[in-house]
Amino acid sequence: MNRMNPVAFRCALALALVVSIHPAWAAGKAKLSQAQIDYQHERARCQRGESGQSLATCLKEAGAAYDEARRGSLGNTQPADLARNATQRCDAQPAGDREACMQRILGAGKTEGSVSGGGLLRETETKSR
């Protein structure tokens, strides 16, 4: 029976291990997806305080957007769904104010401010009867 030199055996074993691990290592170094790039960009904005939100909120929103992007559902919202979402917010208003709310959401009146600046102020004027 021919016995292999222990040093040569260990070298052969190490080489086999490196060769078997290489594909997994290369896959880990694969090009980042657009979702990952966007997530890293948003996290960096959060860390620099550029979002207009608290750090915890910003990181939570960035993570949620990343999850949606990985599922393929980020940015696939239909315009009708967006309009319904916006107008549903008026349901929380007293019955007498809902119509004016709907008009503001749908673009009547004047709007000022920005989301990054803390929010939009929508204003309409109604004449009392």
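The values are calculated or read from the model by the stated rules, or taken from the named source; none is laboratory data. Predicted, not measured: the structure shown is a model, and the values here were computed from it. Counting neighbours? That spans all protein chains shown, and the Cβs are built from the backbone with ideal geometry, glycine included.
Filtered by the rule that a residue be over 17 Å from VAL115 (Cα atoms) and not basic (Lys, Arg), the range 40-58 gives GLN40, HIS41, ALA44, GLN47, ALA56.
Can you find a residue in the range 24-44 that is modelled with pLDDT under 60, over 30 Å from GLY75 (Cβ atoms), exposed (fewer than 10 other Cβ atoms within 10 Å of the Cβ) and not hydrophobic (A, V, I, L, M, F, W, C)?
Scanning the range 24-44 turns up no residue that is modelled with pLDDT under 60, over 30 Å from GLY75 (Cβ atoms), exposed (fewer than 10 other Cβ atoms within 10 Å of the Cβ) and not hydrophobic (A, V, I, L, M, F, W, C).
Applying the condition of being assigned to a helix (DSSP H, G or I) and more than 10 Å from the chain's Cα centre (by Cα) to the range 45-72 and asking which residue is modelled with the lowest pLDDT yields ARG71. ALA108 meets each of the listed conditions (1) surrounded by 13 or more Cβ atoms within 10 Å (Cβ to Cβ); (2) under 27 Å from the mean Cα position of the chain (by Cα); (3) not in a helix (DSSP H, G or I) apart from (2).
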